[in-house]
1. Could you look at the chain and say what percent of its accessible area is carbon and sulfur, using a 1.4 Å probe and all protein chains?
2. How many Å² of accessible area per residue for the range 89-223, probe 1.4 Å?
3. Using the C-alpha atoms of the range 178-333, what convex hull volume per residue, in cubic angstrom, is computed?
4. Which loop-located trypsin sites (Lys or Arg not before Pro) does the range 1-78 contain, where loop means any DSSP state but H, G, I, E or B and the Cβ has at most 13 other Cβ atoms within 10 Å?
5. Would you mind checking the pairs 124/279; 170/195; 212/252; 124/314; 170/314 and listing those with alpha carbons more than 29 angstrom apart?
6. Between rounded, prolate and oblate, where does the range 1-79 land on the alpha carbon gyration tensor, with a ≥ b ≥ c its root eigenvalues, rounded for a/c under 1.5, else prolate if a/b exceeds b/c?
7. Under 12 Å from the Cα of residue 296, which aspartates and glutamates turn up, not counting those fewer than eight places away in the same chain?
8. Quick one, can you get me the convex hull of the C-alpha atoms of the range 225-297 expressed as volume per residue in Å³?
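The values are calculated or read from the model by the stated rules, or taken from the named source; none is laboratory data. All figures in this text were calculated on a predicted structure; none of them were measured in a lab. Glycine also receives a Cβ, built like all others from the backbone with ideal geometry; neighbour counts cover every protein chain displayed. Please note that ligands, DNA and RNA were not included when accessible areas were found on the heavy atoms of the full protein model with its side chains. Shrake-Rupley method; radii C 1.70, N 1.55, O 1.52, S 1.80 Å.
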Amino acid sequence: MAIILGIESSCDETSASICINGEIHSNVIATQAIHAKYGGVVPELASRAHQQNIIPTVEEAIREAKISKNQIDAVSFTRGPGLLGALLVGTSFAKSFALAQDIPLIDINHMQAHILAHFIEDPKPNFPFLCLTVSGGHTQIVLVKDYFDMELLGETLDDAAGEAFDKTAKILNLPYPGGPLIDKFAQEGNPEAYKLPEPQIPGLDFSFSGLKTAILYLIQDQVKLNPNFLTENITDLCSSVQSRIVSILLNKLKKAANQTGVKDIAIAGGVSANSGLRKSLLEMGKQYNWNVFIPKFEYCTDNAAMIAVAGYYKFLKGEFVGQDVAPMARMHI
């Protein structure tokens, strides 16, 4: 029996999870509400909140799993990428816990963990599979050949998809976090109401900065003609924005599938919780005879369950790190 404690603290969620023989027995997430006041994540405040939350979060995860801390065989933690101060809290706690319990320490790449969230529950994709990883800071297409053998095929050249949603929400005067609100309004609007450009980026890379600028100019021009334009057309605006972001993502994913011939297609990351993306991917999967894999909502956003399950597979391989390990704000997949 292998019992892994997972620790996640890369951004604004403090999370702890217990994985027993590859199965998740607890997944506790403490979300930091303070950032809504500032319209985005404030790194220093995030670090302080992690310090306050990490011990009670870990205690709750152990309690929910109905085990004792002495039964834990290894600690896995997010080493990067992420906010350096936030990562430092999780890394320091994991090192201290491992040292006190005299158990191995396992470092986890946050972006790899998002992909490995697909191995928490059935059905699981077969290797090789393609994964579109979309979050606030990253947009990537990855060819997954094995649990830790991953090839980056394409990524964003500027803003990530999550940033495109959140920055658009600011333009639309929606509160932070804006992505879920755009999704909510989009379901009531007309996706064809406003024609927004699709960036013509070669290969499998993405760009969202031009789309954001086009949205800004559209709204500025319309507000000059009608000061109430935003409030009167918010659902159609959100629906058009979401439709374009989803089409940009899925057109590149279709191109990657054609180039590789891979039929098992997955999505991961916070934006994979978006209802428009999930629905459109399922429709595209039927059209092209793909095997589509979409994680549960609780495993889309930052969570320690994905860190714990990734740690479990590293534990089986005996891949541990020493007490000299340090967090990394930037970390390649």
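1. Roughly 51 percent, rounded to a whole number.
2. On the way: 5720 Å² over 135 residues.
Per residue, the range 89-223 has 42 Å² of solvent-accessible surface.
3. Looking at the range 178-333, the number lands at 165 Å³ per residue.
4. The qualifying sites are 66.
5. Beyond 29 Å: 170/314.
6. prolate
7. 121, 122
8. Numbers: hull volume 7.6 nm³, N = 73.
Per-residue hull volume (Cα only) is 104 Å³.
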